[in-house]
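The values are calculated or read from the model by the stated rules, or taken from the named source; none is laboratory data. In this text the structure is predicted, and so the values were computed from the model without any measurement. Virtual Cβ from ideal backbone geometry, glycine too; neighbours counted across all protein chains shown. Ligands, DNA and RNA are stripped out before the accessible areas are found, and what is left, the full protein with its side chains, is counted by its heavy atoms. Shrake-Rupley method; radii C 1.70, N 1.55, O 1.52, S 1.80 Å.
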Amino acid sequence: MNYLQIAEVLDNASLYAKAVEQISKQEKFDLNEAYAIQSISLARRYIRGEKLLGLKLGFTSKAKMEQMGVHDMIWGRLTDKMLYQDQGQLIRSEFIHPRAEPEIAFRISKDITENINLSNAKEVVDGLALAIEIIDSRYENFSFSLEDVVADNCSSAGFLIGAWQSPEKQIQDIGVRLLINNELAHEGNSNAILGNPWESLVAAVRLALENGEKLKAGSIVLAGAATAASYIEAGQQVSAEADGFESISLFIS
Ligand code: OOG
Ligand code: MG
């Protein structure tokens, strides 16, 4: 299969909620090729009318790397079709085997043209929020290599964002929790994200610049989960909590 064919297989798997065999079991491809495939599969979404809303990082915490058996940071794209409202509903049958994880979101305040660092990161942010990410690997059994998951847009499938808060709000060293039907499923500390969740924004800016992906004013960046993810099923209420933030929820129908 060429890149176009692989992108089509993965995009269709997502559109029709039908898992496919790991691509790396059929074809050898490297990480650069995986990102090229991801770009093509996103182009298919843009052709259908989806709009890019921002970027997400993955495997920025040990909890996530250990759960998935993968050891390098990855990045993917978020579109408007993936966005859910707080207290909104997600239809389970539109997904293959969705999982939820708590996230921290950044909203970019101005078009970014150069790298940032920890000391000036706040200058490019006008909002911080608690978020939930829905990941839904298009691969059978949610198993993949690093290249597979990158080609599959890092399992991106949905996300919801709580009310935006001031960039001055504390996001370092805070407790972050995922609840299913109000019962604790996973708990972590935001510093599990690269030692400081702001590092995730620094990395996202660097990756966006290196790859010619624009982070414009209003773009959203998801920092990567501080905890492992949980499978979600119809009938459940999935919530995220973080110290100092209002909790947010999604109903699965
Ligand atoms: C890949 C996506 C990883 C995160 O927050 O670490 C990710 C996966 O786990 O399927 O979104
Ligand atoms: Mg995530």
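Worth pointing out:
- SER93 accessible area, assembled protein chains, probe 1.4 Å, Å²: 90 Å²
- Of ILE112, ILE37, ILE220, the residue with the greatest mean-square motion in the GNM of the chain, using alpha carbon springs below 10 Å, is ILE112.
- The distance linking the range 104-151 with the range 222-253 is 16 Å (Cα centroid to Cα centroid, whole angstrom).
- Net charge dipole size for the chain [Lys, Arg +1 and Asp, Glu -1 on Cβ; Debye, nearest 20]: 480 debye
- Applying a DSSP loop filter and a limit of 16 other Cβ atoms within 10 Å to the trypsin sites (Lys or Arg not before Pro) in the range 1-51 leaves LYS18, LYS28, ARG48, LYS51.
- Loop GluC sites (Glu not before Pro), the range 162-197 (other Cβ atoms within 10 Å of the site Cβ: 11 or fewer; DSSP): GLU168
- For the range 82-164, the list of trypsin sites (Lys or Arg not before Pro) that fall in a loop by DSSP and count at most 14 other C-beta atoms within 10 angstrom reads LYS110.
- Each of VAL202, VAL238 has its accessible area taken with a 1.4 Å probe; listed largest first, they run VAL202, VAL238.
- Just the protein heavy atoms count here, and of the accessible area of the range 3-252 at 1.4 Å, carbon and sulfur take up 46 percent.
- Overall dimensions of the chain, expressed as equivalent-ellipsoid semi-axes from the Cα gyration tensor (√(5λ), whole Å, largest first), are 26, 22, 16.
- Solvent exposure of the range 27-85 amounts to 48 Å² per residue of accessible area, where only protein heavy atoms count and the probe is 1.4 Å.
- Most positive-pole-ward Cα, ALA225, ALA43, MET1, against dipole of the chain from beta carbon charges: ALA43
- Coupling constants for the range 39-54 follow from the phi torsions by the Karplus curve (6.51 cos²θ - 1.76 cosθ + 1.60, θ = phi - 60°), and in residue order they are 4, 5, 5, 5, 4, 4, 5, 4, 4, 7, x, 6, 10, 6, 10, x Hz; glycine and proline get x.
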